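Here is the structure we will look at.
Coordinate-derived values only; no laboratory data. Predicted, not measured: the structure shown is a model, and the values here were computed from it. Note: ideal-geometry Cβ built from the backbone for every residue, glycine included; neighbour counts use all protein chains shown.
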Amino acid sequence: MRALSLLRCTIALLSLGLANPANSATFDSATVLSRASQAFSGGKPVSSVELTGTAQWFAGSTKDSGPAKLTAKISGENKVELDLSNGARIETQSGVGDDRECTWSGKDGVVHEVASANCWTATVWFLPHLALQTAALPAALSVQPGAVVAQGPQTAPHIQHQLTIAPGKTKPAVTALIRSWSTTDLALDPITLLPSVLKYNIHPDNNSSVNLPVEVRYSNYKEVSGIQLPMHIERYVNGGLQLSIDIDSAVVQ
């Protein structure tokens, strides 16, 4: 049965120009997005997801752990609440738009604004799956094909998302910066077409021209309320594991 399933997946990938490395320069991005969205939700529109589980936060040689609650909406609004043993940490991001706001707070409870260069990330880092539903995305969030990368005998498609602020809302130079700061690259598994790795850059608060790479990995997919969700999420910053989350339950709307 597994061999038959793999054969069917390979036939589907061949139809997209993905299974043969010789055809890996281009692919039908609209078809890939449609099939990736179908793989995620089976065609069911998803407006929001609430995930609960356990998080481990790594800082140098220390590790902190505790309950986690993550909420994401199709608008791009999201919130991460970590009730760690060394104190709570909360990260928020408002919906996609030219007036976006982002905050974080630590164990002292003081709310801080996130530096502008780090506020524009186009997709929800822990659940970019929502942005595969192109029909429901905010107007400012654009989708385009990324690179196609060899992964074993198959080639994995990548999808890029970025924010494009409407003309007249900001100066052209600022619009270009937002487009650059917001760009995310999402790799899809070559067999399932579910998200496997998200990459984007963040920047030091005092130097937005310096890139610090972030890589988020998704694994252990399970079906919850008719959609496929990763039960294990890892966030790496500048090559080091910063956050690991194991999901126990989810509420889908």
(request) Look at the range 145-161 and say how many of its residues are farther than 12 Å from Gly76 by Cβ, in contact with a helix residue (DSSP H, G or I) (Cβ under 7 Å, 6 or more places away or on another chain) and not aliphatic (A, V, I, L, M). (result) 4
(request) Of the conditions (1) among the small types (Gly, Ala, Ser); (2) surrounded by fewer than 17 Cβ atoms within 10 Å (Cβ to Cβ); (3) in contact with a strand residue (DSSP E or B) (Cβ under 7 Å, 6 or more places away or on another chain), Gly240 clears all except one; give me its number. (result) (3)
(request) Please indicate, with yes or no, whether at least one residue in the range 167-179 is surrounded by 16 or more Cβ atoms within 10 Å (Cβ to Cβ), among the charged types (D, E, K, R) and part of a strand (DSSP E or B). (result) no
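Per-residue answers, yes or no, for (1) in contact (Cβ under 8 Å) with a residue 12 or more places away in the chain; (2) aromatic (Phe, Trp, Tyr); (3) in contact with a helix residue (DSSP H, G or I) (Cβ under 8 Å, 6 or more places away or on another chain); (4) farther than 19 Å from Thr121 by Cβ:
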site	(1), (2), (3), (4)
Ile202	yes, no, yes, no
Ser219	yes, no, no, yes
Asn238	yes, no, no, no
Leu243	yes, no, no, no
(message) Among the listed residues Pro157, Pro172, identify the single one that is more than 25 Å from His112 (Cα to Cα) and touching a Phe, Trp or Tyr at 6+ places or on another chain (Cβ under 6 Å).
(response) Pro157
(request) Taking only the range 55-66 into account, find how many residues are out of contact with any Phe, Trp or Tyr (no Cβ under 9 Å at 6 or more places or on another chain), assigned to a strand (DSSP E or B) and exposed (fewer than 15 other Cβ atoms within 10 Å of the Cβ). (result) 2
(message) Anything in the range 73-109 that is basic (Lys, Arg) and not in a strand (DSSP E or B)? List them, or say none.
(response) Arg100, Lys107
